[in-house]
């Protein structure tokens, strides 16, 4: 039976500054306090899982080597406070259920790591992140970093300025 809780997080605009099709590790800038917030989640027993659409791979805007270099720099800046990463390289015009707003990456992570999605959270800066989390049965948080500042009513459970503020709510057990 799935007992573990997870915090699923979008990458671009949520954990790091939004860089349209980031293909250069020198452009990776994790938001202040994020690595510490992820460490707090893990210390409290939560799994930290990144779920990210990376259509730049399908459209040729990002090479696999560039994706790997950006990913390595992100992991360095997050100080190893991530348990798993799932990415979807689907082209937006031919998506599979893994591509957000589909919930495939969350379902895959739940199966692989024994995660109880009903006790888990999805945090992102776009309506597709909210829809992904809702579709998987998670509670949802929209952050105002990245595209979140301009989002209207997404049907989200909570809205916060950033991942650090969102972590305070989750870790308080609300």
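None of the figures in this text is laboratory data; all of them are computed from the coordinates on show. These numbers come from a predicted model, not from an experiment. Here the Cβ positions follow ideal geometry from the backbone for every residue, glycine too, while neighbour counts run over all protein chains shown.
What is the percent of Cα-Cα separations in the stretch 126-174 that go past 12 Å? Summing the P(r) of the stretch 126-174 above 12 Å gives 59 percent of all pairs. Averaging the Cα positions of each part gives two centres, and for the stretch 1-36 and the stretch 48-113 these lie 10 Å apart. Helical runs (DSSP H, four residues minimum) scored at -39500 (n - 2.57) apiece and divided by the length of the chain put the mean residue ellipticity at 222 nm at -9500 deg cm²/dmol.
Of all the C-alpha pairs in the chain, what % are more than 24 Å from each other? The calculated P(r) of the chain puts 29 percent of pairs beyond 24 Å. What is the order of 94, 167, 63, fewest Cβ neighbours within 10 Å to most? Ascending Cβ contact count within 10 Å gives the list 94, 63, 167.
Which order do 78, 9 fall in if you start with the one that has the fewest other Cβ atoms within 10 Å?
Numbers: 78 20, 9 29.
Ascending Cβ contact count within 10 Å gives the list 78, 9.
Stretched out fully, how many nm does the piece from residue 153 to residue 113 gain, at 0.36 nm a residue minus the Cα gap?
Numbers: separation 40, 0.36 × 40 = 14.40 nm, distance 3.17 nm.
Result: 11.2 nm gained on full extension.
Using C-alpha pairs below 8 Å separated by at least 6 residues, the relative contact order for the stretch 49-171 is 18 percent.
Within 10 Å of each residue's Cβ, count the other Cβ atoms and sort 122, 16 from fewest upward. Kindly include the intermediate steps, with their values, before the conclusion.
Numbers: 122 31, 16 23.
Least to most surrounded, the residues fall as 16, 122.
Both radii were evaluated on the Cα set of the stretch 20-104; the Rg over Rh quotient, with Rh as the Kirkwood radius, amounts to 1.00.
Restricting to bridges with both residues inside the chain, how much of the DSSP beta-bridge set is antiparallel, in percent to the nearest 5? Don't skip to the end; give the middle numbers.
Values: 1 of 22 bridges.
If I count the DSSP bridges inside the chain, around 5 percent turn out antiparallel.
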